[in-house]
Amino acid sequence: MRTNRFAVTMEGIEAYLFVEEASIFKDIALDLRAIIETPALGDDPVRERLFPRAYLDPTEETAEMTWAAFAHPELLESRVNTLVTMVESLDRLEPAPADRDAGQLHMVLLAPEETEAWLKGLNDLRLALGTRLGIEEEDQRVDPEDPHAQLREIYNWLTALQQDLLEQVYLS
């Protein structure tokens, strides 16, 4: 059975997921899209993490507002397009060919622009989930008594996916 979730081929990157994983992946991508597209009703740590201030000096509020008015729409569009690309590619998931030794894993072939979207999108999903969970450093241990244990497991899974994809893209 496969040990890596991604494989570089002449046609693109093959991504391998269980159907249940793809469903979770799509759900959190759609959740993040809803979060970033909905106007904020106050401070939201996830939005602040994904759309950081350009000016940290509080006396530069006018410059910050000018920058945000100029840059935010483009940043928002880029993040939304990334999430849309990820979800659309997951919609193409199908049983892996028998010669791929994938067991119950399904496969989707990612074109170069989709691979880039997955790299950016996995990072955004991890940032958002890590911010919500208050994760400040990488710690793979999950306390089963933690009320957020399942979300922490998803965070760790996203981290592993991102690492696997990075390794395949940049080390192959």
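Volume per residue, Å³, of the convex hull around the alpha-carbon atoms of the chain?
Details: hull volume 24.9 nm³, N = 172.
So the per-residue Cα hull volume is 145 Å³.
How high is the relative contact order of the chain? Use alpha-carbon pairs under 8 Å, at least six apart in sequence, and give a whole percent.
34
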Place +1 on the Cβ of every Lys and Arg and -1 on the Cβ of every Asp and Glu in the chain, take the dipole about the Cα centre, and give the residue among ILE35, MET10, ASN81 whose Cα lies farthest towards its positive end.
-> MET10
Could you do me a favour and compute the accessible area per residue for the chain, 1.4 Å probe, result in Å²?
-> 61
Looking at region 1-65 from every direction and averaging, what is the projected area of its Cα convex hull in nm²?
-> 8.0
If one computes the Cα centroid of region 32-100 and of region 1-18, what distance in Å separates the two points?
-> 27
Each residue of region 75-85 in turn: what ³J(HN,Hα) in whole Hz from Karplus with 6.51, -1.76, 1.60 and θ = phi - 60°, glycine and Pro shown as x?
-> 5, 4, 4, 5, 5, 5, 4, 4, 5, 4, 4
In Hz, Karplus ³J(HN,Hα) per residue of region 116-124 (6.51, -1.76, 1.60; θ = phi - 60°; x = Gly, Pro) = 4, 4, 5, 4, 5, x, 4, 4, 4
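If I take every Cα pair under 8 Å that is 6 or more residues apart in region 36-121, average their sequence separation and divide by the length, what percent do I get for the relative contact order?
25
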Measure nothing fancy, just the Cα-based angle from helix 149-171's long axis to the longest principal axis of the chain, in degrees from 0 to 90, nearest 10.
-> 70
Phi-derived 3J(HN,Hα) across region 107-114 with the Karplus relation (6.51, -1.76, 1.60, θ = phi - 60°), rounded Hz, x for Gly and Pro, is 9, 9, 8, 9, 6, x, 5, 6
As a check on your grasp of the helix formula, calculate [θ] at 222 nm for the chain: sum -39500 (n - 2.57) over DSSP H runs of n ≥ 4, divide by the residue count, round to the nearest 500.
-> -20000 deg cm²/dmol
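The values are calculated or read from the model by the stated rules, or taken from the named source; none is laboratory data. A quick note: this is a predicted structure, and the numbers were derived from the prediction, not measured. For neighbour counting, all protein chains shown are included, and Cβ atoms are generated from backbone atoms with ideal geometry for every residue, glycine included. Calculation scope for accessible area: heavy atoms of the full protein, side chains included, ligands and nucleic acids excluded. Shrake-Rupley method; radii C 1.70, N 1.55, O 1.52, S 1.80 Å.
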